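Laboratory data are not the source of any read-out in this text; all were calculated from the coordinates shown. This one's a predicted model, so the numbers in the text were calculated from it and none came from an experiment. FYI the Cβ positions are ideal-geometry reconstructions off the backbone, even for glycines, and counts take in every protein chain you see.
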Amino acid sequence: MTARTGAMDAVWLMYRRDLVLAFRHWDQAAQPVVFFAMVTTLFPLALSPELGELRQLAGGALWVAALLAALLGLEFLFRSDHIDGTLEQLLLSGQPLALMAVAKVAAHWTISGLPLVLVSPLLATGLGVPTGALCTVMLSLGLGTGILSTVGAIGSALTLGLRRGSMLLSLLVLPLAMPALIFGARAIDMAIHGDTARGPLLLLAAMLVLAVTLAPFAAAAALRISAE
Amino acid sequence: MWRGERSVLSGLSVDAAAGDCVHVAGPNGSGKTTLLRVLAGLLTPERGIVTWQGRPIAADREAYGAALSYLGHSDGLKPEFTARENLAFEVGLRRRLSASAIDSVLSRVAMTDSRDLPARSLSAGQRRRLAIARVILTATPLWILDEPFTNLDSAGVQCVTDLIAKHLDAGGTALIASHHAPAVPRHAAHRLDLA
């Protein structure tokens, strides 16, 4: 009588739905990128306008700012759906919940991670990063924000029912993001010094693959618990 | 079944066949919503089992979800989306839809005039109608409705009752928690009283 929506069509629909929602709240969606830009432009003011000195700190500064910026929107990944009851409907939609979590994470990254990657060359240049290293900056931040969005989905799903979940969310997610921070900042550093950053970038990519493979299942289980 | 420190439901058995309407009645706090959430698979009972077509629902949650429409206390609508968008996105996850199918369901719940308004600017009764429209459009054999008549005017109550009767006529099953017995013609509602 009725044709069921295929799982991949459902993923695409969920992704589109979250993007449309984000565009209707563009002020909220723009928060991470504004935060990222503000923090990185404060560094030259606070430390030194000397490009040589800034260059030494650029990798770490960019990564810490990006990590905290990406953390900003994480709390809202499932929260609004939980509040208005659409999450309940999603749990009962008959679609694989882990795939739906992937769709939501992908949408979240497109809204909060991708803009950071796109503005990073500009901000990195401001911190004295040479042009040759900009590609590594974008790659490492792209992989890193991807890891944070994916791993963060577990924390976001677990803290769903809590009234003040944001603190707990940071405590849950930041330790898991530390390896990414270390290798990501190192990759930028190596590129700035003219070395090839292949090693740390490959490690980051491996972490992302691991996160994308396992985290959606954990997030789906956490969502079922939180919805009870 | 426990809620916090309190035992809410115990020793209950419900059975519903195609064409059956089960009316779950009881005073506030007696566990109507809890029972429906357990039956929908949103809550796991401490002991006991829920089966659908002879199979435990935990064995294949996705298949059960696909056979079920649940209307909870909250309407499950995105306030930012228009009535049409809400149906297109929420029901679209479950089945393929055409724009004309959405419009025809909206006209059945008398929402044609407000179909392009965002759900946030609809009245509580209109949002309930829209949530009912979602249940109909999902076109599943099992409806689990928690207080479907909340906020509806008398025309709305009549409209929803007719829709439930039509669903039962077509061989569907409905579990309804409500303070008012749904007056569905031709179908005796089994009443389940929670003391």
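Straight-line cross-link partners of residue B:78 among the aspartates and glutamates, defined as a Cα under 13 Å from its Cα and at least 8 positions apart when in the same chain: A:18, A:81, A:84, A:88, B:90. Under a Gaussian network description of chain B, with springs only between Cα atoms under 10 Å, the residue in B:85, B:147, B:62 that fluctuates furthest is B:62. In a fully extended conformation the segment linking residue A:198 and residue A:56 would gain 49.2 nm over its present Cα-Cα distance, using 0.36 nm per residue. Classify segment A:11-117 as rounded, prolate or oblate from the Cα gyration tensor: take a ≥ b ≥ c as the square roots of its eigenvalues, call it rounded if a/c is under 1.5, otherwise prolate when a/b beats b/c and oblate if not. It is prolate, given that a/c is not under 1.5 and a/b is the larger ratio. Computed about the Cα centre, the dipole magnitude for the protein assembly as shown is approximately 440 debye when only Lys and Arg (+1) and Asp and Glu (-1) carry charge, each at its Cβ. Under 5 Å between amide hydrogens, built in the peptide plane, is the criterion, and for residue B:24 it picks out B:176, B:177, B:178, B:192 among residues at least 5 positions away or on other chains. Shown here: the protein assembly as shown, whose C-alpha atoms stretch 84, 47, 36 Å along the first, second and third principal axes, sorted largest to smallest.
When the charge dipole of the protein assembly as shown is built from unit charges on Cβ atoms (+1 for Lys and Arg, -1 for Asp and Glu) and taken about the Cα centre, the candidate among A:63, A:102, B:136 whose Cα reaches farthest toward its positive end is B:136.
When the charge dipole of chain B is built from unit charges on Cβ atoms (+1 for Lys and Arg, -1 for Asp and Glu) and taken about the Cα centre, the candidate among B:54, B:114, B:93 whose Cα reaches farthest toward its positive end is B:93.
Placing dummy labels 7 Å off each Cα toward the beta-carbon, the span from residue B:59 to residue A:27 is 5.3 nm. Straight-distance candidates among the lysines for linking to residue B:166, with alpha-carbon spacing under 25 Å and chain neighbours fewer than 8 residues away dropped: B:32.
A convex hull fitted to the Cα coordinates of segment A:7-226 yields 112 cubic angstrom per residue.
For the pair segment A:55-81 / segment A:136-213, the C-alpha centres are spaced 9 Å from each other. The calculated 222 nm mean residue ellipticity attributable to helices in chain B amounts to -10000 deg cm²/dmol, summing -39500 (n - 2.57) over DSSP H runs of n ≥ 4 and dividing by all residues. Panel order for A:217, A:43, by other beta carbons found within 10 Å of each beta carbon, from fewest to most: A:217, A:43. Largest GNM mean-square fluctuation among A:146, A:52, A:128, using chain A with Cα springs under 10 Å: A:52.
Using the Karplus relation 6.51 cos²θ - 1.76 cosθ + 1.60 with θ = phi - 60°, the per-residue 3J(HN,Hα) values for segment A:9-16 come to 5, 5, 4, 5, 5, 5, 4, 5 Hz, with x marking Gly and Pro. For segment B:23-89, what class follows from the C-alpha gyration tensor (a ≥ b ≥ c being the square roots of its eigenvalues): rounded when a/c is under 1.5, otherwise prolate if a/b is larger than b/c, else oblate? Oblate, since a/c reaches 1.5 and b/c is not below a/b.
The ellipsoid equivalent to the alpha-carbon distribution of segment A:182-228 has semi-axes of 35, 10, 4 angstrom, derived from the gyration tensor eigenvalues as √(5λ) and listed largest first.
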